[in-house]
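Inspection log for the structure reproduced underneath, given as C-alpha cells.
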Amino acid sequence: MVIITMAEMLVTPTGQAIVAKLSPEDMRGRYMAVFGFTWSIPTAIGPLAAGLIMDNYNPNWVWYTCGISMLLSASIFAGLQLKASERFAAINGEELSPALKGAAP
C-alpha cells in the first residue's frame with residue numbers, strides 16, 4: 001500500500017497541473033471535473049469486475065487483465081506525451097526538441 005500511496009502522491013498533483021495547463025481557460029473547471037471523475041470510475045468498477053472474474057473464471061485472468069490494461073495505458077500515455085510536448089512548446093513559445101519532432105505524428 002505504501003508504494004501505491006506514494007505513486008498517487010506523485011501522479012495526482014502532476015496530472016492536475018497538466019490538465020490545468022492544457023485546458024482552455026474558460027473550460028478549465030469542466031476539464032478538472034472530468035479528470036477527477038476518471039479516478040472515481042475505476043474505484044467503483046474495479047473491485048466489482050475483479051470479484052466477478054474471480055468468482056466465475058480463472059482468478060489469474062484478473063492479473064492478465066491488469067497487464068493488458070497496463071500495456072494499453074502505457075501506449076496511450078506515450079502518445080499523450082508527444083501531444084503534450086507539442087502543446088507545451090506552443091504555449092511557452094519554444095521549439096520542439098529534435099527527438100520529439102521526428103516522433104510526432
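What follows draws every value from the coordinates through simple rules; no lab data is involved. Quantities reported herein were computed from a predicted structural model and do not represent experimental measurements. Every residue, glycine among them, receives a Cβ derived from its backbone with ideal geometry; neighbour counts consider all protein chains shown.
The ranking of Met6, Met1 by Cβ neighbour count inside 10 Å, starting from the fewest, reads Met1, Met6.
What shape does segment 25-70 take by its C-alpha gyration tensor, where a ≥ b ≥ c are the square roots of the eigenvalues and a/c under 1.5 counts as rounded, a/b above b/c as prolate, and the rest as oblate? Since a/c reaches 1.5 and a/b is larger than b/c, the shape of segment 25-70 is classed as prolate.
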